[in-house]
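Presented below is the structure to which this report refers.
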Amino acid sequence: MYIDFVHPWLLALLPLALLPLLRRRSDTLVFPALAWLPPDPLGHRLGWLWRACAILAMACTVIGLASPGRSGAQLQRFGHGAEALILMDRSTSMDAIIPPKGLAGAAGGLSDGESKNMVARQLLTEFVTKRPDDRFALTTFSTSVMPVAPFSDHNQAVLAGLAAAGIGRGLPNTNMGAALQEAISAFQRRSYSGSRIILIVSDGGAKLDSATQLRIREGLARNRIGLYFIYIRSNSISPNLKEMSEDMAAPAAAHESDEVALHRFFLSLDTPYRFYQADDADAMAAALAEIDRQQNLPLSFFERMPRQDDSATFFIAALCAGALLLACRALQLRSWT
């Protein structure tokens, strides 16, 4: 915590507070000999008190106008939950409509209903709302990566970002490699305060090159981040990763899909990885419910407090000094009469 000023240039006026120390011609009393005057210790003390109050009133007024305050204060808070970064796919495929009987129940055909993007946003909004102790961040991605809200325990920004993710249509590509690296970088240079997870919500995959895989693998291990992948299966043509999970130990096929390649890479990670396949909205809700049960560990973190403005304190001090100045002046005038 440190003290700063919004208008520091006004402090140049502080020397004006010494003006009450200067003698005025009206303070001069003409007497042929001071020895004939009786001693006046009360008046002498009141004179110095009057000057001190005047100096204090002027100095506090100048400092108050400079708007002093305290920045950088941090408050340690405790709770149960996790630091969770939501990595949400915003590509064009997420705008597809969910069939009434499930994402894969219509043999590739889509009927009227809610889009995958809408269902994902609704369920994620409920997930964020019911976990007040978590520190959430939100990043969306398609052709490029778009950080939306940084880590905070005030989830209004994340909720607003989820609502904004429903505006317009997404771009055609899914740049999963860049999105994961951006998500990992959000945890860097942050003190470790408890469980950390990246929650991927996507209906696609990616074949990552070896250099990208190495950066992701090292970043997750270095920052102690767990990975959760909610795979929204688009239709019956999309690979069923749940059924293929048992065969992932086999060597990779030459022409395997992007979804299979990404899932295979995630399974090879040294850090915790949990996979959920959502063939319909109920399956996605069940996946988020399980994550909610798992990520309920003790969490401690420091919350950065907003700047505290102390101008009012100096203005009150100036007002009190001015009132005392008037009282001293009234006593001084009464002693003269």
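The values are calculated or read from the model by the stated rules, or taken from the named source; none is laboratory data. Computed from a predicted structure; not experimentally measured. Glycine gets a Cβ as well: all are built from the backbone with ideal geometry, and neighbour counts include every protein chain shown. We work out accessible area using only protein heavy atoms, side chains counted, and drop any ligands, DNA or RNA first. Shrake-Rupley method; radii C 1.70, N 1.55, O 1.52, S 1.80 Å.
In table form, for the structure just shown:
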quantity	calculated
Which numbered condition Ser115 fails, given (1) under 38 Å from the mean Cα position of the chain (by Cα); (2) among the hydroxyl-bearing types (Ser, Thr, Tyr); (3) at pLDDT below 65	(3)
Checklist (1) crowded, with 18+ Cβ neighbours inside 10 Å; (2) within 22 Å of the chain's Cα centre (by Cα); (3) not hydrophobic (A, V, I, L, M, F, W, C) applied to Gly204, failing item	(2)
Test result for Arg121, surrounded by fewer than 21 Cβ atoms within 10 Å (Cβ to Cβ), in contact (Cβ under 8 Å) with a residue 40 or more places away in the chain and farther than 27 Å from Met305 by Cβ	no
The range 225-244, subset assigned to a loop (DSSP other than H, G, I, E, B) and at pLDDT below 90, residue nearest to Ala286 (Cα to Cα)	Arg233
Qualifying residue in the range 165-172 (condition: open to solvent by 20 Å² or more (accessible area, probe 1.4 Å), in contact with a Gly (Cβ under 8 Å, 6 or more places away or on another chain) and over 20 Å from Met305 (Cβ atoms))	no
Those residues of the range 259-281 which are in contact with a Gly (Cβ under 6 Å, 6 or more places away or on another chain), in contact (Cβ under 8 Å) with a residue 60 or more places away in the chain and open to solvent by 20 Å² or more (accessible area, probe 1.4 Å), in sequence order	Asp279, Asp280
Filter result (outside any strand (DSSP E or B) and open to solvent by less than 20 Å² (accessible area, probe 1.4 Å)) within the range 127-152	Phe127, Val128, Arg131, Asp134, Ser142
Any hit, the range 183-199, residues being β-branched (Val, Ile, Thr) and closer than 21 Å to Ile97 by Cα	no
Inter-residue pairs, beta-carbon under 6 Å, first over 19 Å from Ala317 (Cβ atoms) and touching a residue at least 24 places away in the same chain (Cβ under 8 Å) and in the range 44-55, second in a helix (DSSP H, G or I) and open to solvent by less than 20 Å² (accessible area, probe 1.4 Å), 6+ apart	Leu46/Cys328
